[in-house]
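I have placed the structure first, in the form of structure tokens, so that the comments after it can refer back to it.
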Amino acid sequence: MPSATTRDTAQIPVIDISDSNPDAASQLLEAAATYGFVFIKNNEAGIPPAEIDNMFELRGDFKEAFNISASNPTKPPSPLSGPLAANSADLVAFSSACHALCERILHHFAVALALESDWFTTRHDRSKGSSGNILRLLYYPSIGDDVELRPDEDDIRAGAHSDYGSVTLLFQRRGQPGLEILTRQGKWESVPVDPSPSPSLSSSSGDADGSTAVADAAALPILVNIGDLLSYWTNNLLKSTVHRVIFPSPNANLTSPFKAARAEDRYSIAYFCHPLDDAELVPVPSRIVQEYRADGVEEAGKGTVKGRATITARDHLNERLAATYGVK
Ligand SMILES: O=C(O)CCC(=O)C(=O)O
Ligand SMILES: [Fe+2]
């Protein structure tokens with residue numbers, strides 16, 4: 001049997017951002033400043049699970065990834081070609097739902113940072129100009145359960161990186177794990193597809209709302225992570241956390257029927273939310289960000305606004321693309 005390292009599961013909080021939670025803004029800020037990742041309960045503040053399922057269904061089992069620009073709220077930039085061409089209306093509608101959820105999250109961040117509540121959302125208003133928003137339908141091939149892979153060497157499906165934009169939404173499928181985050185202690189931890197407690201845990205601890213974890217099949221929470229740009233904008237108060245995708249080890253902490261997860265292809269969907277191209281990355285006028293800087297508690301970030309000429313979101317994206325791909 002291949003030797004397998006069992007990773008710890010990242011303790012990423014699950015937050016209700018609907019109007020019924022008066023503490024949503026502060027809870028989101030704390031999670032973003034601590035982990036850079038947060039699960040959003042998929043209730044009325046989320047995206048109908050049927051629409052998410054529809055996205056996974058319409059992309060079919062094509063063994064390829066698709067990138068759809070979502071710069072414009074009403075139509076794709078050019079007629080979509082290929083297998084998804086017939087689904088362009090659904091893709092545009094889903095991108096809009098994703099963008100609306102990102103705006104809701106950005107609204108909470110503005111409130112938590114004591115900014116004008118529309119400080120971020122006006123800078124992400126797609127009716128006002130072009131932006132780098134992308135909907136990406138991802139695909140990672142599987143590998144045999146018996147193939148030996150050296151951890152941290154050849155078990156990598158997508159290399160370590162941080163995202164470029166403001167916030168990313170990530171939709172995963174049950175039975176197809178593999179995402180990991182690098183903690184601030186420098187340790188890789190796995191991100192669950194479903195962070196709700198396992199049935200045995202929930203029955204012994206007594207779920208507050210009386211529901212059982214597995215019965216709640218439809219609405220997986222939506223994973224959200226902070227991108228470099230929001231980290232840059234807040235002088236690294238919000239963390240853009242490094243993550244990657246691996247082949248889960250055969251002994252990963254998975255319960256049947258998901259034991260053979262590495263023998264499953266992984267399909268995921270990411271929505272990368274970006275500000276308007278012309279948005280200037282001036283420091284956010286937040287005393288909370290300033291006090292954070294003054295405390296000197298910030299870590300070396302992805303570059304901070306202070307001490308640099310003002311750049312736009314477009315410049316920032318081009319810088320990141322140039323650094324990654326060596327192109328201008
Ligand atoms: O597929 C995943 O789970 C992660 C994808 C990702 O991190 C990315 O595309 O930036
Ligand atoms: Fe990513």
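The values are calculated or read from the model by the stated rules, or taken from the named source; none is laboratory data. Small disclaimer: the values here were computed from a predicted structure and weren't measured. In this analysis, Cβ positions are derived from the backbone assuming ideal geometry, glycine residues included, and neighbour counts consider all displayed protein chains.
Would region 104-117 turn up any residue that is buried (at least 17 other Cβ atoms within 10 Å of the Cβ), touching a helix residue (DSSP H, G or I) at 6+ places or on another chain (Cβ under 7 Å), under 30 Å from residue 291 (Cβ atoms) and free of Cβ contacts under 8 Å to residues at least 60 places away in the same chain?
Looking for residues that are buried (at least 17 other Cβ atoms within 10 Å of the Cβ), touching a helix residue (DSSP H, G or I) at 6+ places or on another chain (Cβ under 7 Å), under 30 Å from residue 291 (Cβ atoms) and free of Cβ contacts under 8 Å to residues at least 60 places away in the same chain, one finds at least one in region 104-117, hence yes.
For region 93-105, does any single residue satisfy the condition of being away from ligand 1 (no atom under 16 Å from the Cβ) and either charged (D, E, K, R) or more than 20 Å from the chain's Cα centre (by Cα) (or both)?
yes
Identify, by number, the condition in (1) touching a residue at least 40 places away in the same chain (Cβ under 8 Å); (2) closer than 27 Å to residue 184 by Cα that residue 46 doesn't meet.
Answer for residue 46: the failing condition is (2).
Taking interchain pairs and intrachain pairs at least six residues apart, which have beta carbon atoms under 8 angstrom, with the first residue in region 148-166 and over 16 Å from residue 227 (Cβ atoms) and the second near ligand 2 (Cβ under 10 Å from one of its atoms) and not basic (Lys, Arg)?
What qualifies is 156/245; 157/245.
Does residue 81 qualify as being more than 23 Å from residue 191 (Cα to Cα) and within 17 Å of the chain's Cα centre (by Cα)?
No.
Is it true that residue 31 is closer than 22 Å to residue 268 by Cβ, at pLDDT 95 or above and not acidic (Asp, Glu)?
For residue 31, the condition - closer than 22 Å to residue 268 by Cβ, at pLDDT 95 or above and not acidic (Asp, Glu) - is met.
Note down all Cβ pairs under 9 Å where the first residue falls in region 236-253 and is farther than 22 Å from residue 159 by Cβ and among the acidic types (Asp, Glu), the second is part of a loop (DSSP other than H, G, I, E, B) and modelled with pLDDT of 75 or more, and they're at least six residues apart or on different chains.
none
Which of the residues belonging to region 119-141 are of a type in the set (A, V, I, L, M, F, W, C) and part of a helix (DSSP H, G or I)? I'd like the intermediate steps shown before the answer.
In the first step, residues of region 119-141 are kept if they are of a type in the set (A, V, I, L, M, F, W, C); the result is 119-120, 134-135, 137-138.
Passing the criteria: 119, 120.
Can you go through 257, 248 and tell me which one is modelled with pLDDT under 85, within 14 Å of ligand 1 (Cβ to nearest atom) and either buried (at least 18 other Cβ atoms within 10 Å of the Cβ) or outside any helix (DSSP H, G or I) (or both)?
Among 257, 248, only 248 is modelled with pLDDT under 85, within 14 Å of ligand 1 (Cβ to nearest atom) and either buried (at least 18 other Cβ atoms within 10 Å of the Cβ) or outside any helix (DSSP H, G or I) (or both).
Can you tell me which residue within region 263-280, out of those that are more than 21 Å from the chain's Cα centre (by Cα) and under 30 Å from residue 311 (Cα atoms), is nearest to ligand 2 (Cβ to nearest atom)?
As a first pass, look at region 263-280 and keep what is more than 21 Å from the chain's Cα centre (by Cα): 263-264, 278-280.
Then drop every residue that is not under 30 Å from residue 311 (Cα atoms), which leaves 278-280.
On the way: 278: 25, 279: 21, 280: 25 Å.
Of everything passing the filter in region 263-280, 279 is nearest to ligand 2 (Cβ to nearest atom).
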